[in-house]
Each structure stands twice: as C-alpha cells, then as structure tokens.
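A.B. asks: Please see the structure below; I have some questions.
The values are calculated or read from the model by the stated rules, or taken from the named source; none is laboratory data. Just so it is clear, the model here is predicted, and its values are computed rather than measured. Cβ placement follows ideal geometry from the backbone for every residue including glycine, while neighbour counts extend to all protein chains displayed.
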Amino acid sequence: MSGKNIFEKILEAHGISPAPKPGEPIELLIDQTLTQDATGTLACLQFEALEVPRVRTKRSVSYVDHNTFQAGFQNSDDHRFLQSFAAKYGVTFSGPGNGICHQIHLERFGVPGDTLLGSDSHTSTGGGLGMLAIGAGGLDVAMAMAGHPFRLTCPAVVLVRLEGALSPWVTAKDIILKLLQRVSVKGGVGKVFEYGGPGVAPLSVPERATIANMGAETGATSSIFPSDEVTRRFLKSQGREEDFRPLSADPDASYAEVLTIDLGELEPMVAQPHMPDRVCAVREIAGLKLDQVVIGSCTNSSYMDLAMVAAILKGRSVHPKTSLVIAPGSRQVLAALAESGALNDMIKAGARILECACGPCIGIGQSPPTNGVSLRTFNRNFQGRSGTQSAELYLCSPQVAAVSALKGELTDPRSFGKPAKVEMPEVFPVIDHLFIPPLDHPGPVEVVRGPNIKPLPRGHAMPETLKGEVLICLGDDITTDDIMPAGAHIMSLRSNIPAISEYVFSHQNPGFAKRARERGGGFVVAGRNYGQGSSREHAALAPMVLGIKGVIARSFARIHRANLINFGILPMTFMREEDPAQIQPGDQLVMDDVVGSMKNGRPLGVVNTTRGQAFEVRIDLDEREKDVVMAGGLLEYLRWGSA
C-alpha cells in the first residue's frame, strides 16, 4: 500500500479513510470557520435561520476587514450586528482596524492539520500553516458553524515540487505567479495543490501563505504546505508553540499529477491586466510609468513583506509622480513595524499608511486616476475591481513594488543592487486583548439590526418547465466581480439584498437588473469558468432575487457553482462546442420536464423558440444537489426537513 499525502492524512484525521476518488462526494468535518464583514452578515442571518443556539465548531471567528470605510451608517450598523451576533452565538469577534482575516488567522488562530472553512475565497491562505483551508459561500460556512459537515467533490491532489533555491530579489510571489502562468485561472479547478520538494524548507510561513493564498486564483479547492520546523518556529514567535503538529507527506505518497518548478530559473514576475494569469517577466515590460503603487492585501501584508519594503525605502524618496500606499495586514504587523523603526522609514520615504484592512484590494479607497496604471501586491487585477473601470492593474511582489515606487516606473529590482536582509522576529507583539472572545454564558444577548439589514429572501421550488429570456451572453472567465461588483458604495449594501441586486452585471450591462425585473427573470449564458474569483454569494443570491432561473455555461468555478445550487439557480453546461453560438440576448428559451430530467439523470432539452432551434444541456448534480435545487435552495431544503 502506498503512503499518504498531506491531504489524505488530514481527511483520515477527520474520519475519512480511505480517501475518496477524485470526483466522489466528501462530507468533511470542519474544525474552524472564519467570516468577514462583506460576506459575514449574510452568513450570520443564515445561521440564525438554522435555529441552532450556539456554534459547534472548535473555533469560529468573525472579522471586520472589508467594509471598514464608514461614510454612512450602513457599515457601522453591520459591525454592530456582527459583534452582537458573535456575543450571542459563541463566536470570537475581531473589530475594524485589527486587520485582514487571513493574516490575523494565520498569526493567532490557525492550527496545522485542522480544517478551516471561510466565507472568503482566500481562506486557502491557512494552507501555509499546514491547514486544509477552503473558501466557500456564506451559507456553507453557516452550516459548518451549526455543526454540519462541509460537502464537496473530492479534488485531485497535485504535487507542486519546488527544487533549487530562489535567486536574490526573487520571491514567493514569483513562485505562484509562475504557477498561474503555467496552469491559468482555470487550471486548478477540481484540484488541491500540495507543495513539497527541497525548495519548501527555506520558505517562511508568510511566504508559504502568499503561495497558498493565490492558489485561489487558479480555481483550486485549496493549497497545502507541510507543517515542519519552520512552522514550529513561526508558532513559537506567536506564543502558540503548543498548537504545533508535524505534518508531512509520506515518501511514497501518490499524486494525480506532479508539477516541478525550478526555483533557480525564476525571475521577478508581473501579472498584466486584467487577469492574474497574464504573467510575464518584469524585465519584458520594465519602464512602464506608474501612477500608483499599492502594497498590502491578504497576499503580501505580513511583517516580513513590509519590513523588506521599508529596507528598500529607507533613506530614499518615492518618485514625485507616483503615489505609494501601504496597508499592513494586521495590528500586530503594524506594531512590529513601529517597534523596529521600519514604519518610520516608510513614512519618511513618502508612503501613505492605511489602516489594517482590505481597502484598495476591493475598490474601497485609493482608486487610481482615469486610465491610471497601478502596480499592486494583491491577488486580483480584474477590470474595475480598483474602483476605476479604466485603470490598468498589475500584480507583483513587494520588492518589485517598492523599487518601482522609487523609480516611478516598473523596474526589475535586480538592477537595484543587493537586497537587504530582513529577519523574522523571534517574538511578535501579541495584542489579543482587542479580540472579543465568546461568552461562556451569553444569556439574553440582543442581536442589533440596523435598517440596512434586511431579511433573507426566500427561494421557490423548481417548476416542471423553465422558460424565459436570455438576458445576457458572456465569454470565458467571468468573475464574481463582473456579476456583483465591489467598491465602497455597492459593498455597503451587502446586508440588503433587494438594494444590492440593482447592481448585478452593472459594469457589463447597466440596464440588466431593470430588464430582468421587467421580464420576470430569465437566463444567463456564459463560457468557461463562469463565476471565478471571490466567494461572494451575493453573485448568486442577488440574481435569484431578480428571477434568474438558470445559468448555461461551458464550465463553472467551484464556489460559485455551489452558491448557485444553494440558492436554487440551476447550473447547466453545454454539451457541444457549437451550441452557445446559437443563442443571442433576447432569445426565448423553453425547458420542459426539468425535474424529471434531473431525477433521471438525463440531458435537459432546450428549445430556442426565437430561432426555432433545439439543443441539450447537461445537469451535473449529485442526488442531494438535485434535491436542493428542486426545493428552491438549501434553506428551503432544510426547512422541509430533508437534511
């Protein structure tokens, strides 16, 4: 019998052995959950609908890190709601200013070998610590908080073998950009990337977390690193050495595929607009003039990242035509920078220091100028995500960003001389007193709801016949930002589904919501990898409110597919390459015997009555998923006692 890989060992520790084959269903017990404020209010409302008196995980944490901009009452009301919910139901609360959920969770709560489910696609960051960390929609997280296992399709485990050593100025960010260049934003769908080989050992936990974080951009279910001596030292620096557990693959572990990256062959990389896999070497486009450089986000906002930035900036000045913005990932990072003097170096160089939050990554503040060029250490560069539709966003490492900010143009840092050496602190400042722990006996705590927090919309049972207009036709790699845009105003409506639904596809087709309401709903047609990117279930729930009955695509991203099912929208896939060409916006589609086709596992016939054409679509759902869609969504399914 062959040995086990890390993924299989974590499954075994959670009662799943032997590991299912790829494509088979898994019901995975969840140890920890995290929510953030942009998705957390819905998750909390959904948890309340389950009528469970208290969370049943080892630990659940509610973070406020997205909607920290308080220009009106909406975000402040959400924060108050989340804090009171946490007190009532046994959740640890991290308030605005404490930092970004993934950075904080890595520092204070992550445990090697544990399972972590988060209502944010970058929950996979926890894989840098040896966790099986998975992003999901808020309803799936609410179910896990209530003690239900997380249902997923077993992924194939791919070994990413790192060989050799990184050259000066080449970083962990360049490793994951190289992987994205190789596999694309669709290449990780249905997979877990497990990292091994001799090139892993020298990587710090923050470097591993950067790689695991951006594994989400490939569509991967998760990314996992071993838990080793490097992990132990990191946990010791956090005062949490007791949480350390060694975890590694057996020497004879088997994998579905092995990808080898020679670290010595890498060079500084950059992702070009408007997709994280449009990667090239920095030297190929060096000299690009920069209006803005932004350093931070859940990808590259650790102490080690920013201390290196400070070392580059020390004694120098940011180019006068370039704005440099820096957002530390957590209050701990900010305190450590202050104690070391690195913060002073950044301030004197001309950097603008933001609070510890997601901010510019999701278009909340620091939007570039019209047609501006912004170089960012973030994980996504989707068009319009910055808050400026015409801006061009490039992704790179903190080292490339810092050197480029000094030069005012994209610069290969290898021309800058020898890189400074930055050491990981032996002990980090612990600021746990600013977390609000769950009460042992919450008593009659009132959950406070502001006027922007609206009740959850109800789903409707699937009819025998679906018919309606094709409201929009789209291409490949449509993101959840395309479906439900980010930005300060729209994100302030996250707790108000009727209001936020007015912005569905607002960048692609400004009249979409109005037309959907006038037509009584209809269908969305798309290409491959529909719904990639964020886990925001608003991209499914808001279309449901508009009456969207189904989405026909060539393929779906994992989380969005699950969210569509959870809210009773039927995901369908084309069976022939030529079929999408037969459909245009405004066409009327009729699908008869929908329920019967689902129950019997048959392709579903579609008649385009406008063009007098017919074709078939595939409904790839397991038995429970069929029941959920037929009931009108997961909450309707549970209300009828079918769990």
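A.B. asks: Condition first: under 30 Å from the mean Cα position of the chain (by Cα), assigned to a loop (DSSP other than H, G, I, E, B) and over 26 Å from residue 73 (Cα atoms). Now tell me which residues in segment 431-457 satisfy that.
C.D. replies: Here is the first cut: in segment 431-457, the ones under 30 Å from the mean Cα position of the chain (by Cα) are 431-439, 447-457.
From what is left, the residues that are assigned to a loop (DSSP other than H, G, I, E, B) are 431, 437-439, 447-457.
Passing the criteria: 431, 439.
A.B. asks: Now for a different question. When the residues of segment 106-127 are filtered to those that are in contact with a Phe, Trp or Tyr (Cβ under 8 Å, 6 or more places away or on another chain) and either free of Cβ contacts under 8 Å to residues at least 40 places away in the same chain or within 13 Å of residue 435 (Cβ to Cβ) (or both), which remaining residue is surrounded by the most Cβ atoms within 10 Å (Cβ to Cβ)?
C.D. replies: The extreme case among them is 107.
A.B. asks: Quick one: would you say residue 40 is surrounded by 24 or more Cβ atoms within 10 Å (Cβ to Cβ), under 23 Å from residue 566 (Cβ atoms) and small (Gly, Ala, Ser)?
C.D. replies: On the way: surrounded by 24 or more Cβ atoms within 10 Å (Cβ to Cβ): yes; under 23 Å from residue 566 (Cβ atoms): yes; small (Gly, Ala, Ser): yes.
Spelling it out, residue 40 is indeed surrounded by 24 or more Cβ atoms within 10 Å (Cβ to Cβ), under 23 Å from residue 566 (Cβ atoms) and small (Gly, Ala, Ser).
For (1) small (Gly, Ala, Ser); (2) surrounded by fewer than 14 Cβ atoms within 10 Å (Cβ to Cβ); (3) out of contact with any strand residue (DSSP E or B) (no Cβ under 9 Å at 6 or more places or on another chain), each residue gets a yes or a no:
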{"residue": "607", "(1), (2), (3)": "no, no, no"}
{"residue": "612", "(1), (2), (3)": "yes, yes, yes"}
{"residue": "616", "(1), (2), (3)": "no, no, no"}
{"residue": "619", "(1), (2), (3)": "no, no, no"}
{"residue": "625", "(1), (2), (3)": "no, no, no"}
{"residue": "630", "(1), (2), (3)": "no, no, yes"}
{"residue": "636", "(1), (2), (3)": "no, no, yes"}
{"residue": "639", "(1), (2), (3)": "no, no, yes"}
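A.B. asks: For the condition within 18 Å of the chain's Cα centre (by Cα), within 23 Å of residue 37 (Cβ to Cβ) and assigned to a loop (DSSP other than H, G, I, E, B), what is the one hit in 506, 535?
C.D. replies: Numbers: 506 fails: within 18 Å of the chain's Cα centre (by Cα).
Sole residue among the options that is within 18 Å of the chain's Cα centre (by Cα), within 23 Å of residue 37 (Cβ to Cβ) and assigned to a loop (DSSP other than H, G, I, E, B): 535.
A.B. asks: Within segment 59-70, is there a residue that is over 28 Å from residue 256 (Cα atoms) and over 21 Å from the mean Cα position of the chain (by Cα)? Lay out the reasoning, then the answer.
C.D. replies: To start, the set of residues in segment 59-70 that are over 28 Å from residue 256 (Cα atoms) comprises 59-70.
Pick out the ones that are also over 21 Å from the mean Cα position of the chain (by Cα) and you get 70.
Yes, segment 59-70 contains a residue that is over 28 Å from residue 256 (Cα atoms) and over 21 Å from the mean Cα position of the chain (by Cα).
A.B. asks: Another question, if that's okay. Can you tell me which residues in segment 588-619 are in a loop (DSSP other than H, G, I, E, B) and either among the aliphatic types (A, V, I, L, M) or within 15 Å of residue 572 (Cβ to Cβ) (or both)? Give the steps one after another, and end with the answer.
C.D. replies: Keep residues of segment 588-619 that are in a loop (DSSP other than H, G, I, E, B), which gives 592-593, 601-603, 609-612, 619.
Across segment 588-619, the qualifying residues are 592, 593, 601, 602, 603, 619.
A.B. asks: Also: Evaluate the following for residue 509: is it assigned by TED's automatic domain parsing to the domain that holds residue 480 and on the phi > 0 side of the Ramachandran plot? Don't jump to the end; show me each part of the working.
C.D. replies: Numbers: assigned by TED's automatic domain parsing to the domain that holds residue 480: yes; on the phi > 0 side of the Ramachandran plot: no.
In short, no.
A.B. asks: If you don't mind, there's one more thing I want to ask. For segment 227-242, indicate whether the set of residues that are touching a strand residue (DSSP E or B) at 6+ places or on another chain (Cβ under 7 Å), in a loop (DSSP other than H, G, I, E, B) and not assigned by TED's automatic domain parsing to the domain that holds residue 532 is non-empty. Walk me through how you get there before you give the answer.
C.D. replies: Applying the first criterion (touching a strand residue (DSSP E or B) at 6+ places or on another chain (Cβ under 7 Å)) to segment 227-242 yields 227.
Restricting the remaining residues to those that are in a loop (DSSP other than H, G, I, E, B) gives none.
No: zero hits.
A.B. asks: Additional query: Looking at this structure, is residue 307 among the aliphatic types (A, V, I, L, M), out of contact with any Phe, Trp or Tyr (no Cβ under 9 Å at 6 or more places or on another chain), under 19 Å from residue 349 (Cα atoms) and surrounded by fewer than 19 Cβ atoms within 10 Å (Cβ to Cβ)? Spell out the reasoning first.
C.D. replies: Details: among the aliphatic types (A, V, I, L, M): yes; out of contact with any Phe, Trp or Tyr (no Cβ under 9 Å at 6 or more places or on another chain): yes; under 19 Å from residue 349 (Cα atoms): yes; surrounded by fewer than 19 Cβ atoms within 10 Å (Cβ to Cβ): no.
No.
Here's the yes/no breakdown for (1) part of a helix (DSSP H, G or I); (2) not basic (Lys, Arg):
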site: 147; (1), (2): no, yes
site: 151; (1), (2): no, no
site: 166; (1), (2): no, yes
site: 192; (1), (2): no, yes
site: 201; (1), (2): no, yes
site: 210; (1), (2): yes, yes
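A.B. asks: Restricting to segment 128-151, count the residues that are more than 13 Å from the chain's Cα centre (by Cα) and buried (at least 24 other Cβ atoms within 10 Å of the Cβ).
C.D. replies: The total comes to 12.
A.B. asks: Please go through (1) within 25 Å of residue 358 (Cα to Cα); (2) buried (at least 24 other Cβ atoms within 10 Å of the Cβ) for residue 502 and return the number of the only condition it doesn't satisfy.
C.D. replies: All conditions pass for residue 502, except number (2).
A.B. asks: Can I ask one more? Only one of (1) touching a Lys or Arg at 6+ places or on another chain (Cβ under 6 Å); (2) crowded, with 23+ Cβ neighbours inside 10 Å is not met by residue 537, so which one is it?
C.D. replies: Residue 537 satisfies all of (1) touching a Lys or Arg at 6+ places or on another chain (Cβ under 6 Å); (2) crowded, with 23+ Cβ neighbours inside 10 Å except (1).
A.B. asks: Right, something else. Could you identify the single residue in 622, 592 that is outside the structural domain of residue 192 (by TED's automatic domain parsing), in contact (Cβ under 8 Å) with a residue 60 or more places away in the chain and over 27 Å from the mean Cα position of the chain (by Cα)?
C.D. replies: Details: 622 fails: over 27 Å from the mean Cα position of the chain (by Cα).
Unique residue meeting the criteria: 592.
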